[in-house]
Structures are given as structure tokens and as C-alpha cells.
Number of protein chains: 2
Amino acid sequence: MVTLKDISESCKVSVATVSKALNGQSDVGEETSRRIRKVASELGYLPNASARALKTNRSHSIGVLFVDKTGTGLRHEYFSGILDSLKVEAESRGYDITFISNSIGRNTMSYAGHARYRRFDGVIIASADFKDPQVLELVDSAIPLVVLDYVFDSRTAVVSDNVSGMEELTEYIIAQGHRRIAFIHGEDTTVTQKRLASFIKTCAMHGISIPDGFIRQALYHDPKSSGLATRELLGLAEKPTCIIYPDDFSYIGGMNEIEKHGLNVPGDISVAGYDGILLSKVLRPRLTTFEQNAEEIGKTAAAKLIENIENPKTYIPETVSVKGHLIEGESVKALSL
Amino acid sequence: MVTLKDISESCKVSVATVSKALNGQSDVGEETSRRIRKVASELGYLPNASARALKTNRSHSIGVLFVDKTGTGLRHEYFSGILDSLKVEAESRGYDITFISNSIGRNTMSYAGHARYRRFDGVIIASADFKDPQVLELVDSAIPLVVLDYVFDSRTAVVSDNVSGMEELTEYIIAQGHRRIAFIHGEDTTVTQKRLASFIKTCAMHGISIPDGFIRQALYHDPKSSGLATRELLGLAEKPTCIIYPDDFSYIGGMNEIEKHGLNVPGDISVAGYDGILLSKVLRPRLTTFEQNAEEIGKTAAAKLIENIENPKTYIPETVSVKGHLIEGESVKALSL
DNA sequence: TTGTATGCGTTATCAC
DNA sequence: GTGATAACGCATACAA
């Protein structure tokens, strides 16, 4: 491993000069600097990140907390999409991405402990149980931090705009002439609450009141429970003309159930999803859905975090809402009124 | 940030003793050791990973190279599944996972450069272009390394057993009475070559020769191209009775095309996928497919790499083949002979 | 413009 | 059993 010392010997200058030249300091001779850089490159010099971090107290690495509540883990496209863009943005700005865990070596440590141990410059909470004391410890710590899809006081949050997203989707469905709209929602989280409230409110604005029986609970990313809810809805005396699913993937459960009833989408019943994953684009009929802008969310999160890291004094935490967009698809039928 | 020095002052012992006690060295007094550990925990001491890495030349972190050839990135369940299990296994053994990129700060550097800069103890190549000079540079470097689904000489490889996987799937289809089997394959890679050869060989063993027209090229994870190939196959004078797709997701393209022709799966035509992603389990009829054991692959890769890292002298590179299993599903019809 | 000296936090060697 | 001390590679304040 070639070090500054090797270069300094080869160039017959001091280590300090080499360090300065390589870091582009102004107070070093033009000619000297060129010579040093040339030798450094010839020798294949690479700085030692550990030494640099030790000295500067900056690791240039970002910890990502991704705890999987549902067992789906990164297999949910929304999250893998976020991770992907997070990574690209951070790397382009010179930061590496490391996962935060709660074990290091044989003994466990808290998330916050891990973050301190690795000297992460900042942390992104991509997915976690926001009631978990360990997560709260991390949020309460002094480290620069960005949270996704959840808002903590005095902390930067990047959230998918679920309120306007669901509003737009509902507006579209209503505009197609639907009045009897059922809503299957996922587990009770703040995201769910927002979507549900937005749905009901938007309906109300159009003078549509949704009967209790049209609101069903299922689980995110779980076709089975959505299938069950669909069966219940299809068994009602007064069936809905449109069903909104917790997410695109869950709709598959509904799709199967609808077929089993000998019904046809969108001829006999209309459906809509949420997320805009690849699957929704390749199904036929194409699924009407609201695409969350995972790429923008990940990118923004990284950008905000780095802004916070690099301007700790002037940075002001904020909540950034990232808008998605409606994908009309073909699964919501225009009803003649 | 509390350091060894703080503890040593508080305990009125030297830093050396503190270090030893905390690292469980034997040559330190029972009572002293207990006192030190107590104070360390009270003060919330955490070792500084950078300092430790600098001194020991071991970073306890693993670099993962994941370059996305297809644009799908981590959104492919096979890869996100591997990453997930990789992460769990590595973390449980005290190693953190960091992504390898080719930029650090403003200037770019090679993958190998990045790995050296961060002093990764080892590297896992999860997905990459194996002809890329940068990847070859990494493979040729001295760092412990494990490659997934590709074999380099003198390097550990963990591969999904595509030969026996496709064999098993084909055997099953033949056992159901099919003789006219079409095969749509993905881009030309070693994985593709193995699957294709295995398919043709297994058919031949049963005295079945596959006409050229039954072998179609499409792209992995791309329903559109598989849909096109399906259309061609359905347009043949002598249609296949079963179509094998490049992967489960691509089958969606075929599914749409089959429906468009007014055909029914598996009544009119049988189909099979490959991968065993969640989607294949929730479709109705359930997709017949071969499930790759992504979890085992990721886990094995991490385990082998760490074995290599921790026993550099005695470790012998090997190719580990991970078997998956057939999922019968309901999409291949039993033909009466 | 260049060099000297110091210290970041840790581990390891070797005295005591 | 314990404690000085050096060294890992680097950046920087300060001296020359």
C-alpha cells in the first residue's frame, strides 16, 4: 500500500507538501505540485479512508437504516427504487452507502451505536418501526438525519405526497363517473391514514358518502388479504363499481378473485392500484394507479442529507413532499351517467 | 465522543490496560477488567472504527459491487433477495455492507480503487459486466472476493444451479406429456447458455428434438419482448403445447398475448417461468416455475467471503452451486397421451 | 513556498 | 498484571 511517505521520499519533499499538493491547497509550488501528482498517480497512490476519517472526523459515508417490517424487505419495488437513487446521488457527491445494523462483531449494539461506531456523517431512515426505542434514539441523536415517509419534529423528512396522490386518483375515478367506490387499505400507519382521509374527503367534496362496508382493511403488498377483502366487497348486495387497492401488487389478489367471480376488468368492475411498479405497466388491461416518485424521493433524501452534513450551521430541517403522478391505465371504466 | 483515554482517566489505569480489558485479553486482572468494562458502559464508550481499522488494517466491512446492466437494478427480486440475505449474514458476523461505486468525491476511481480506498476486507460481485476491464481489474486484485453466477479461475463463485434447475423443470414438463416445448431465453450470457443447453439436452434424452423455430430470443425481465416471442410462437403452423419463459416476470408479456389470442392457460397452452418470485405464487393459475434459492446464494456468498477473509492462508477458492427447487404450480397441463 | 511537529484513537510491543 | 511508548496514514498549525 503506497502512502504519502512513499511519495514524499520519491519526490524528495516532505509529507506535508505532498498532502497539500494532493488536496489542491494553494500554498504549494506549481511545479512541485505537478511533480507530486505525477508520481502519486504513477505509484497508484490512494488515500487511506480510515486515516483520513480519523484525522478529519469525516467519514464520507452515510448509513441507511432499512428494517423490514413486513418480511418483504427490499423486494418491494418502491424501496429498492429509493435505495437505488439514494445510492446514485450519494455516490456522485462522494459519499458511500452503508447499511446500519444492530450487531457489530459478536455483540449487538443499537442503531445509534452503530452509526457512531462507523462515524457516519449522516443517516437516512428509509424504512423502520417509528415507535421502536432504538429508532427514536437515533432520531434524538445529534447526527444529521433524513427520514422517509414519516415526520419527526425538527428533522428533515422526505415524504411521498400521499394526500394529493390519493386525491388525484380519486378525482380521476369520480370523473369517470364512479360513485360507489370501495377502498381497501393497508396496515394502520400514518401513510395509510393520510391516504384514507384523502380518499374520504375527496369523495365528500363531490357529495359522495362512502358506506362503512366499502372501507376494508388488508395488508400492504399482500394479495391474499386484498383478495379476501375483494371477495367480501363482491358479496355485498350493493357492489362497488370501483375498488382501490392498497398497492399495485396487492391488486393481483383482487384480480384473481374478480376472475373467479366471472367478472371482467374494467367491463364489470373497475380497479385502481397505488405505487406504479413495473407490474402495473405490463398487466393488461394496464392498471390505473398513482405512481410514487421513488427516484425523486431517494435523490432528494440524499441531497438534503448531504446539504445538512456540509452546512451544519445554516441548514434548516424541513419536510419535503414529493409529488407523483397519475397513470390512467385502462382499468377504470368510464361510466355513462 | 468518549475514548479509551477518558476511561483510563476515570479508572486510573493506562489506556493500554483499558484496551486490553475491552478486547478481552487474558493478561489483565479480573477485578480491573470488570471495573473498566463497567465504566466503559456507563460512559457509553464505543470504539472508533476508523482508528481501529487504521491500526489493525482490517475494516470489517465488505464491498458489494452491483452494477445494473438492464436498468432494472435492485428491482429484480432475485437480486434484492440476494442482497438482503447477504446483508443479514455479513452483519451477524460483524461485517458491514457498503456499495462499491466508481466515484469518490469529485474524481472518479475504479472499482478496485474504491475497494482499496475504503480498505474493504473483501468484495462480493453481485451483478456486473464480466467483460468490463474495471471488473477484471477487481477480480485480478489481491482482495478476497466472491463472484455470483459467474466463474473466474481461482476465485470463489456462488452460482445458482441453472443446469439442474432447467433440467428439473424440463423433466417435469415432459412428464406431463408435453413434446412440443418452446423456449424463450434472455440475453446471451453464460447463465442463458447453461439453461438453453440444459433444456435441449434434457429434451434430447427423451428423444425429443426441438425445432429451431421453438427457440426464441427475448430479454430478461422484459414482458414486451417475451410477448413478441409469444406472438410468433402462437402464429406457427404447429404451435407448441408449452412455452418456457426467461423468467416469471417476463411471462406477463406472454400472458397478455395468450389472452389476446383468446387462449386459456393451461387449458389451451401451458407455460412455465423461472425464478420463483412472489408474483409467480400469487398469479392464478399459479405459475409453474423453478425457484432459485436467492437467500441461500446470498448467505453462502457472505459466509465464504468471510471464511476467506479470516483464513487467508488456508482458504481454497471453490465454486459452490446452490440448488433451487421446482414449483409445480398450475400452469402446465397434464396431457393425455 | 516548504518543512516540522503534533495528534486523531487505537493496538501491540516490551519493559517493569 | 500493568503501563509507557510507538506506530498506523493523514491533515494542519505553525515555524522557517
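The values are calculated or read from the model by the stated rules, or taken from the named source; none is laboratory data. Just so you know, these numbers come straight off a predicted model, no measurement behind them. Ideal geometry is used to build each Cβ from the backbone, glycine not excepted, and the neighbour counts take in all protein chains shown.
Results for (1) outside the structural domain of A:ASP121 (by TED's automatic domain parsing); (2) touching a helix residue (DSSP H, G or I) at 6+ places or on another chain (Cβ under 9 Å), shown as yes or no for each residue.
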| site | (1), (2) |
| --- | --- |
| A:PRO266 | yes, no |
| A:ASP275 | yes, yes |
| A:VAL282 | yes, yes |
| A:LEU287 | yes, yes |
| A:LYS304 | no, no |
| A:GLU307 | no, no |
| A:TYR315 | no, yes |
| A:GLU318 | no, yes |
| A:LYS333 | yes, no |
* Asked: Looking at (1) more than 8 Å from DNA strand D (Cβ to nearest atom); (2) at pLDDT 90 or above; (3) surrounded by fewer than 20 Cβ atoms within 10 Å (Cβ to Cβ), which is the only condition A:THR56 fails?
  -> (1)
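Please enumerate the residues belonging to segment A:1-10 that are in a helix (DSSP H, G or I) and more than 8 Å from DNA strand C (Cβ to nearest atom).
Pass one, segment A:1-10, residues in a helix (DSSP H, G or I): A:4-10.
A:LEU4, A:LYS5, A:ASP6, A:ILE7, A:GLU9, A:SER10, listed by residue number.
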* Structure fact -> Picked from segment A:12-21 (must be buried (at least 18 other Cβ atoms within 10 Å of the Cβ) and part of a helix (DSSP H, G or I)), the residue farthest from DNA strand D (Cβ to nearest atom) is A:ALA21
* Structure fact -> B:ASP121: passes all of (1) surrounded by fewer than 21 Cβ atoms within 10 Å (Cβ to Cβ); (2) closer than 20 Å to A:ILE97 by Cβ; (3) touching a Lys or Arg at 6+ places or on another chain (Cβ under 7 Å) but (1)
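State the number of residues belonging to segment A:241-268 that are in a loop (DSSP other than H, G, I, E, B) and either hydroxyl-bearing (Ser, Thr, Tyr) or more than 32 Å from the chain's Cα centre (by Cα) (or both).
The total comes to 8.
Out of A:ILE143, A:ILE215, A:ILE200, report the one residue that is over 22 Å from A:ALA334 (Cβ atoms) and assigned by TED's automatic domain parsing to the domain that holds A:ILE97. Steps first, please.
Numbers: A:ILE215 fails: assigned by TED's automatic domain parsing to the domain that holds A:ILE97; A:ILE200 fails: assigned by TED's automatic domain parsing to the domain that holds A:ILE97.
After applying the criteria, what remains is A:ILE143.
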* To do: With the checklist (1) touching a residue at least 40 places away in the same chain (Cβ under 8 Å); (2) farther than 16 Å from A:SER61 by Cα; (3) crowded, with 21+ Cβ neighbours inside 10 Å in hand, flag the one item B:LEU74 doesn't pass.
  => (1)
* Asked: Name the pairs: first residue in segment A:1-16 and closer than 20 Å to B:ALA112 by Cβ, second residue in a loop (DSSP other than H, G, I, E, B) and not aliphatic (A, V, I, L, M), Cβ to Cβ under 7 Å, at least 6 apart or on different chains?
  -> A:VAL2/A:GLY44; A:VAL2/A:TYR45; A:ILE7/A:TYR45
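Look through segment A:272-306, keep the residues that are of a type in the set (D, E, K, R) and part of a helix (DSSP H, G or I), and return whichever of them is nearest to the other protein chains (Cβ to nearest Cβ).
First pass over segment A:272-306, keeping only residues of a type in the set (D, E, K, R): A:275, A:281, A:284, A:286, A:291, A:295-296, A:299, A:304.
Checking the rest, the ones that are also part of a helix (DSSP H, G or I) come to A:281, A:295-296, A:299, A:304.
Working: A:LYS281: 9, A:GLU295: 11, A:GLU296: 16, A:LYS299: 14, A:LYS304: 19 Å.
Across segment A:272-306, the extreme among qualifying residues is A:LYS281.
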* Asked: For segment B:22-46, what are the residues that are surrounded by 13 or more Cβ atoms within 10 Å (Cβ to Cβ) and in contact (Cβ under 8 Å) with a residue 40 or more places away in the chain?
  -> B:LEU43, B:TYR45, B:LEU46
* Can you spot a residue in segment A:33-47 that is within 23 Å of A:ASN311 (Cα to Cα) and either away from DNA strand D (no atom under 11 Å from the Cβ) or not assigned by TED's automatic domain parsing to the domain that holds A:ASP275 (or both)? -> no
* Given the conditions (1) crowded, with 19+ Cβ neighbours inside 10 Å; (2) within 12 Å of DNA strand D (Cβ to nearest atom), report the number of the one that B:VAL64 does not fulfil. => (2)
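Have a look at B:ARG93, B:ARG75, B:ARG58 and point out the one that is within 16 Å of DNA strand C (Cβ to nearest atom), on the phi < 0 side of the Ramachandran plot, within 12 Å of chain A (Cβ to nearest Cβ) and among the basic types (Lys, Arg). Walk me through how you get there before you give the answer.
Values: B:ARG93 fails: within 16 Å of DNA strand C (Cβ to nearest atom); B:ARG75 fails: within 16 Å of DNA strand C (Cβ to nearest atom).
Going through B:ARG93, B:ARG75, B:ARG58 in turn, the sole match is B:ARG58.
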* For segment A:37-55, name all the residues that are in contact with a Lys or Arg (Cβ under 6 Å, 6 or more places away or on another chain) and either assigned to a loop (DSSP other than H, G, I, E, B) or more than 8 Å from chain B (Cβ to nearest Cβ) (or both). => A:LEU46
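Looking at B:SER101, B:SER80, B:SER85, B:SER33, which is the one that is within 8 Å of another protein chain (Cβ to nearest Cβ), part of a helix (DSSP H, G or I) and either over 32 Å from the mean Cα position of the chain (by Cα) or among the polar types (S, T, N, Q) (or both)? Don't jump to the end; show me each part of the working.
Details: B:SER101 fails: part of a helix (DSSP H, G or I); B:SER85 fails: within 8 Å of another protein chain (Cβ to nearest Cβ); B:SER33 fails: within 8 Å of another protein chain (Cβ to nearest Cβ).
Criteria check complete, one pass: B:SER80.
Sort out which residues of segment A:104-131 are more than 18 Å from the chain's Cα centre (by Cα), of a type in the set (Ser, Thr, Tyr) and either assigned to a loop (DSSP other than H, G, I, E, B) or within 22 Å of B:PHE66 (Cβ to Cβ) (or both), and write them in order of number.
Within segment A:104-131, just A:SER110 meets the criteria.
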* Structure fact -> Selection over segment B:141-171 where residues are over 17 Å from B:ALA126 (Cα atoms), among the hydroxyl-bearing types (Ser, Thr, Tyr) and buried (at least 19 other Cβ atoms within 10 Å of the Cβ) yields a count of 1
* So which residues in segment B:222-267 are farther than 20 Å from B:LEU278 by Cα, out of contact with any Asp or Glu (no Cβ under 6 Å at 6 or more places or on another chain) and among the small types (Gly, Ala, Ser), if there are any at all? -> B:SER225, B:ALA229, B:GLY235, B:ALA237, B:GLY262, B:GLY267
